[in-house]
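The values are calculated or read from the model by the stated rules, or taken from the named source; none is laboratory data. Given the structure is predicted, the values throughout are model-derived calculations rather than measurements. All Cβ positions, glycine included, derive from the backbone under ideal geometry; neighbour counts span all protein chains shown. All accessible areas refer to the heavy atoms of the entire protein, side chains included, with ligands and DNA or RNA removed. Shrake-Rupley method; radii C 1.70, N 1.55, O 1.52, S 1.80 Å.
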Amino acid sequence: GRRQAMIKSAGERIFPEEIERVIAGHPAVADVAVIGVPDAFYGQRVEADIQVTGNQPMIDEALQADIRGYCLARLPFARAPKKFRLWRTLPRKANGKIDRPALIKLSIDSSAVTIGGEARMPHRPPNPVEHGATIGELGNA
């Protein structure tokens with residue numbers, strides 16, 4: 001329910017629906033899921049997985065930067081997503097709902113690095129474009 005969806009980040013209580021409404025107002029956004037991902041510093045880090053509209057010829061860093069700027073102009077910095085991933089199609093469950101647990105797992109798996117057998121979050125994740133990212137993996141803070 002709503003209480004489980006609440007994200008606690010740096011002492012703030014953030015409801016994903018509030019952030020999703022803002023992001024959904026961008027003309028390139030067809031659908032969006034805002035998730036909270038475990039973070040050693042913030043408790044949870046706010047991230048956005050965005051399905052772009054079909055008329056977007058390119059999914060690239062320029063589009064990502066445009067959506068990020070759109071969010072920062074409309075949201076307090078503490079509530080704005082720290083990472084954006086752009087998708088042609090968001091992963092969905094059999095019932096048609098966005099598969100948020102899969103998105104959280106993807107984020108954890110793609111941003112953790114192993115140091116001495118321990119998974120640690122890097123200060124700044126590597127640039128996915130430089131690492132042969134797929135469309136669904138585009139997004140950096």
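In the context of the full set of protein chains, the stretch 1-95 has a per residue accessible area of 52 Å² (1.4 Å probe). Fully extending the segment from Asp39 to Lys97, taken as 0.36 nm per residue of separation minus the present Cα-Cα distance, adds 18.4 nm. Report relative contact order for the stretch 10-90 in percent, whole number only (criteria: Cα-Cα under 8 Å, sequence separation at least 6). Answer for the stretch 10-90 is 34 percent.
Hey, got a sec? Which chymotrypsin sites (Phe, Trp or Tyr not before Pro) in the stretch 1-87 land in a DSSP loop and have at most 16 other Cβ atoms within 10 Å? Those satisfying the criteria are Phe41, Phe77. When the surface is traced with a 1.4 Å probe over the full set of protein chains, Ile104 keeps roughly 50 Å² accessible.
For the stretch 68-98, the residues whose amide N sits under 17 Å from a probe point set 7 Å from the Cα of Asp60 along the beta carbon direction are 68, 86-88.
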